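The values are calculated or read from the model by the stated rules, or taken from the named source; none is laboratory data. In this text the structure is predicted, and so the values were computed from the model without any measurement. We place every Cβ from the backbone using ideal geometry, glycine too, and count neighbours over all the protein chains shown. Ligands, DNA and RNA are stripped out before the accessible areas are found, and what is left, the full protein with its side chains, is counted by its heavy atoms. Shrake-Rupley method; radii C 1.70, N 1.55, O 1.52, S 1.80 Å.
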Amino acid sequence: MYVLDLREVDETLLAVVGGKGAHLGALSRMDGVRVPPGFCVTTDAFRRIVAEAPSLDDDLDRLSRLEADDREGIRTLTAEIRRILEGIAVPDDLAAEITGALARLGEQAACAVRSSATAEDLPTASFAGQQDSYLNVVGAEAILRHVSRCWASLFTERAVTYRRRNGIDDRTVRMAVVVQQMVLPQAAGVLFTADPVTSDRKLASVEAGPGLGEALVSGLMNPDVFKVRDGEIVARTTEHEPPSLTDAQVVRLVRLGRRIEARFGHPQDIEWCLAGDDFHIVQSRPITTLFPVPESGDEENHVYLSVGHQQMMTDPMKPLGISFWQMTTPAPMAEAGGRLFVDVTKRVAAPASRAGLLELIAKGDPLTGDALRTVLDRDGFIRTIPDEDSPGPLFGGPPAPIETDPAIVTELIGNSEASVAAAAAGIRTRTGEELLDFIRADIQELRRILFDPRSHRVFMSAMEATWWLNERLEEWLGEKNAADTLTQSVPHNITSEMGLALLDVADVIRPHPEVAALLQRVEDPSFLDELPKLEGGPEAREAIEAWLDTYGMRCVGEIDITRPRWSERPDTLVPLILGNVRNFAPGESRRRFEQGREEAGKKEQELLERLRTLPDGESKADETKQKIDRVRTFIGYREYPKYGMVSRYFVYKQALLEEADRLVRAGVLHEKEDIFYLTFDELDDVVRTSQADNHLIGRRKEEFRSYQALTPPRVLTSDGEAITGAYRRDDVPSGALIGLPVSAGTIEGRARVILDMADADLQPGDILVTAHTDPSWTPLFVAAAGLVTEVGGLMTHGAVIAREYGLPAVVGVVDATRLIPDGQRIRVHGTDGYVELLP
């Protein structure tokens, strides 16, 4: 059969009638839900039409080879595919089925002819507006012609591009067509069962306009907008007089929408019409842009803080990466949308812990602090609990006194290195269940090292000293962010040393043109094997491998154990090395470090001399000197615990990939990387049973692709509301972009907006503008004149390294990569925390 009545279908027939048809069929079976009568032309009809044109195979092959950014090529080829499809005559028997179904609606009935693709209205991809639909189509000939147009619209340029972005193969998608009798309403519009602006699942949003509503959906008409919570209208904006809906109708529509949402198990984007006093539902699809809500296991209100914003890595993590992070951290962490969140509900519910937590968070990231305060200011959202029920401090209590002794740092680093070496030696011969048991036990040793109270006291005392210096020196001398200069070129900063060490690698390569020429052509990691054949190649290879021995366990998004490490993909370093060869003279690493140390020393002397001229100056100077010594001795270690953790993760990863290879050879897994889509416990089960749920792995891969399109909020509530926070400042020039000042100084230059480190091409004087920078971005900092990021705080990695290198930096600039065009000249005010776009 090529035609099915809507009442004959539901979601189980998605492959036959497409997403729209499946949803409308399910709705038509719900009591009390009116769906205009109609039928579906099935995907079997589409397959038959495609079979009539063998040349389409070649066109689809050519389309699959086009890059996603080849817009002209995609536009030309998709136009040709559509022309072929629209030109194929509908076979007589198929046409007879369609016209027979049409006769049951009324041969001269006005109909809507609507595309319904199999990859449409899905929980992870809505495809809203990507294929074509037609209204007021009358007569059998016109219906057949518009059915052909819907088939062809599977290959609009926008639909093909959307599928590419969502990882969907064009050949796997089929097109059905829904034909429905038109409703002639007095009002129509859209109902979102979750607020599309804030993602609040308990706040419904109704948009309504007179007539068919096509002008509303097309953006040609301003709608009446109603916000509804708990059966009451809590906000409204009306553009029509009288409004398109009465208050009672709005509440009734939302009540209907909640039933539909419950039926599909996901917030819905519902298109509706009002005819007489009856609502007709003409479409319902999942809202795919909402950030998921962590599972709490109870009905209480909760508030969550994003871990990714603290770690400067807001990309989604794969399940194995999330699992390792959850096993490592002492704070329980919830997962949603491939990201991790800390539930701080109890900590902010207890008066004794609330103020300290708010102060600490706001000091590090004002946007997160303001967002959290916004939630707490709402009466009754967080129920106050007794102080004795509050859990311990999120980041540990006040650091105990500690002596400013460099030997403490040396000992802590030595202990960590020895522990990682012992893990590497112990894991070497382990396989199967024994390997998983070893890792599970060794993570306890990682936790012991990572959360050593003395280690915590070292970097916390350095951070406290930094805050003390900035606050006191501004109070006493009017000197803003004085600690920024004082922390340049400190010892034991493993992350800043990494960027400088890559400059030394460039020094080895620079004298050898043949080596540089080979690097220009690098496409994969095999280039290291080619180097020894060239003059200077052995030395270049030795320098690169020595660098990888120390830093090769790092990479972009390194907190996710599944990410490819530099040791696994050394070719990703080549653009950075070539940039250093091109932009710097020999000895830049030493020169830069010495310059930073000299500037810090001069700044220290200047500040102490000025302090001594003040009342009680000697006392102020002595106390300041102690804080400066504390900062310079300890602040570099701030970067080391994460380095130790990532080093150990790489030991685990190498062993797990060897185990995965054995599972592939045994036919248990399809490919090694499948283990990345399992939690640690699930992987443990696979190893013990030699059985894997490949359907689960496939579903996880699809979910991960969908998570990549989501932007995690800094603060998220259990209602799903994403809260961004605001700076609430009025001391910046008009039009300036506000952020958090984290490294003093002012710099003008060309903005280079870089979202992927592999695309980096910084010239001297360029200002790096990006979403976030974890430690892997440090090698780029040596070439930048300044830094602007969308995510970050005073003590996050990018801020620490910017101060170490003396780069003016402003972080937490919301939408910086969108608001600052690549190549735009900008002025970065690293002392005052804003960015100006220059003429």
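If the requirement is being modelled with pLDDT of 90 or more, in contact with a helix residue (DSSP H, G or I) (Cβ under 6 Å, 6 or more places away or on another chain), more than 19 Å from residue 118 (Cα to Cα) and of a type outside the set (S, T, N, Q), which of these qualifies: 77, 14, 24, 66?
77 is the lone residue from the list that is modelled with pLDDT of 90 or more, in contact with a helix residue (DSSP H, G or I) (Cβ under 6 Å, 6 or more places away or on another chain), more than 19 Å from residue 118 (Cα to Cα) and of a type outside the set (S, T, N, Q).
Which one of these is among the acidic types (Asp, Glu), without any contact (Cβ under 8 Å) to a residue 40 or more places away in the chain and assigned to a helix (DSSP H, G or I): 629, 622?
Checking each option against the conditions leaves just 622.
Looking at this structure, is residue 258 touching a strand residue (DSSP E or B) at 6+ places or on another chain (Cβ under 8 Å), over 26 Å from residue 292 (Cβ atoms) and in contact (Cβ under 8 Å) with a residue 12 or more places away in the chain?
Against the criterion (touching a strand residue (DSSP E or B) at 6+ places or on another chain (Cβ under 8 Å), over 26 Å from residue 292 (Cβ atoms) and in contact (Cβ under 8 Å) with a residue 12 or more places away in the chain), residue 258 does not qualify.
Being more than 17 Å from residue 318 (Cα to Cα) and among the β-branched types (Val, Ile, Thr) is the filter; apply it to region 705-725 and report the residue that is most open to solvent (accessible area, probe 1.4 Å).
That would be 724.
Which of the residues spanning region 737-760 are closer than 19 Å to residue 821 by Cβ, touching a strand residue (DSSP E or B) at 6+ places or on another chain (Cβ under 7 Å) and either of a type in the set (D, E, K, R) or open to solvent by less than 20 Å² (accessible area, probe 1.4 Å) (or both)?
If the condition is that a residue be closer than 19 Å to residue 821 by Cβ, touching a strand residue (DSSP E or B) at 6+ places or on another chain (Cβ under 7 Å) and either of a type in the set (D, E, K, R) or open to solvent by less than 20 Å² (accessible area, probe 1.4 Å) (or both), then 739, 748, 749, 750, 751, 752, 754 are the ones that fit.
Out of the residues in region 475-484 that are out of contact with any Gly (no Cβ under 8 Å at 6 or more places or on another chain) and in a helix (DSSP H, G or I), state the one that is least open to solvent (accessible area, probe 1.4 Å).
Per the stated criteria, the residue is 483.
What pairs can you find where one residue is in region 49-78 and closer than 19 Å to residue 148 by Cα, the other is in a helix (DSSP H, G or I) and open to solvent by 80 Å² or more (accessible area, probe 1.4 Å), and their Cβ atoms are less than 8 Å apart, with a gap of 6+ or different chains?
Hits for this filter: 60/171; 77/62.
Looking at 597, 541 in this structure, which one is in contact with a Pro (Cβ under 8 Å, 6 or more places away or on another chain) and part of a helix (DSSP H, G or I)?
541
Given the conditions (1) of a type in the set (Gly, Ala, Ser); (2) buried (at least 20 other Cβ atoms within 10 Å of the Cβ); (3) part of a loop (DSSP other than H, G, I, E, B), and given that residue 53 satisfies all but one, which numbered condition is not satisfied?
(2)
Report every pair of residues separated by at least 6 positions or lying on different chains whose Cβ atoms are under 8 Å apart, first residue within region 149-170 and closer than 16 Å to residue 706 by Cα and in contact (Cβ under 8 Å) with a residue 24 or more places away in the chain, second part of a helix (DSSP H, G or I) and not aliphatic (A, V, I, L, M).
Correct list of pairs: 161/71; 163/170; 166/705; 166/706; 167/702; 167/705; 169/64; 169/163.
Could you please let me know if residue 702 is part of a helix (DSSP H, G or I), surrounded by 15 or more Cβ atoms within 10 Å (Cβ to Cβ), of a type in the set (D, E, K, R) and at pLDDT 95 or above?
No: the conditions fail for residue 702.
What do you reckon, is residue 402 outside any helix (DSSP H, G or I) and surrounded by 14 or more Cβ atoms within 10 Å (Cβ to Cβ)?
yes
List the strands (runs of 3 or more DSSP E) that sit entirely inside region 184-269 and contain at least 1 residues that are open to solvent by 70 Å² or more (accessible area, probe 1.4 Å).
224-229, 232-237
Say we look at region 585-599 and pick out the residues that are among the small types (Gly, Ala, Ser) and more than 18 Å from residue 628 (Cβ to Cβ); which of these is most open to solvent (accessible area, probe 1.4 Å)?
So the first thing to find is which residues in region 585-599 are among the small types (Gly, Ala, Ser), and the list is 585, 587, 589, 596.
If we keep only those that are more than 18 Å from residue 628 (Cβ to Cβ) as well, we get 585, 587, 589.
Details: 585: 60, 587: 35, 589: 13 Å².
Checked region 585-599; the qualifying residue most open to solvent (accessible area, probe 1.4 Å) is 585.
Restricting attention to region 170-183, which residues are in a loop (DSSP other than H, G, I, E, B) and over 21 Å from residue 48 (Cβ atoms)?
182, 183
Quick test of your reading of the structure: residue 78 fulfils all but one of (1) at negative phi; (2) loosely packed, with under 15 Cβ neighbours inside 10 Å; (3) of a type outside the set (Lys, Arg). Name the failing condition by number.
Status for residue 78: all satisfied but (2).
Picking from 163, 158, 174, which residue would you name as being of a type in the set (Lys, Arg) and either in contact with a Phe, Trp or Tyr (Cβ under 7 Å, 6 or more places away or on another chain) or modelled with pLDDT of 95 or more (or both)?
174
Quick check: is even one residue across region 684-699 basic (Lys, Arg), assigned to a loop (DSSP other than H, G, I, E, B) and surrounded by fewer than 19 Cβ atoms within 10 Å (Cβ to Cβ)?
no
State which residue is nearest to residue 757 (Cα to Cα) when the search covers only region 315-370 and only residues that are of a type in the set (Lys, Arg) and open to solvent by 20 Å² or more (accessible area, probe 1.4 Å). Before you say what the answer is, go through the steps one by one.
Filtering region 315-370 for residues of a type in the set (Lys, Arg) gives 318, 339, 346-347, 354, 363.
Cutting the leftovers down to open to solvent by 20 Å² or more (accessible area, probe 1.4 Å) gives us 318, 346-347, 354, 363.
Working: 318: 20, 346: 39, 347: 37, 354: 39, 363: 29 Å.
The extreme case among them is 318.
Just the residues that are small (Gly, Ala, Ser), under 28 Å from residue 473 (Cβ atoms) and in a loop (DSSP other than H, G, I, E, B), please, taken from region 732-778.
736, 739, 744, 745 - these are the residues of region 732-778 that are small (Gly, Ala, Ser), under 28 Å from residue 473 (Cβ atoms) and in a loop (DSSP other than H, G, I, E, B).
What tally of residues in region 301-312 results from selecting those that are open to solvent by 10 Å² or more (accessible area, probe 1.4 Å) and in a loop (DSSP other than H, G, I, E, B)?
The number of residues fulfilling the criteria is 2.
For region 419-474, how many residues meet the condition of being acidic (Asp, Glu), assigned to a helix (DSSP H, G or I) and within 23 Å of residue 327 (Cα to Cα)?
Number satisfying all stated conditions: 5.
Given (1) open to solvent by 10 Å² or more (accessible area, probe 1.4 Å); (2) modelled with pLDDT of 90 or more, identify the lone condition not met by residue 180.
Failed condition: (1).
What are the residue pairs meeting all of these: first residue in region 283-300, first residue open to solvent by 10 Å² or more (accessible area, probe 1.4 Å), second residue of a type in the set (Lys, Arg) and in a loop (DSSP other than H, G, I, E, B), Cβ atoms under 9 Å, and 6 or more apart or on different chains?
Close Cβ pairs satisfying both conditions: 290/201; 293/201; 300/383.
Do the conditions hold for residue 778, that is, is it polar (S, T, N, Q), surrounded by 19 or more Cβ atoms within 10 Å (Cβ to Cβ) and under 26 Å from residue 601 (Cβ atoms)? Explain how you work it out, then say what you get.
Details: polar (S, T, N, Q): yes; surrounded by 19 or more Cβ atoms within 10 Å (Cβ to Cβ): yes; under 26 Å from residue 601 (Cβ atoms): yes.
Considered against the rule, which asks whether it is polar (S, T, N, Q), surrounded by 19 or more Cβ atoms within 10 Å (Cβ to Cβ) and under 26 Å from residue 601 (Cβ atoms), residue 778 comes out as yes.
So which residues in region 377-390 are surrounded by 14 or more Cβ atoms within 10 Å (Cβ to Cβ) and touching a residue at least 40 places away in the same chain (Cβ under 8 Å), if there are any at all?
381, 382, 390
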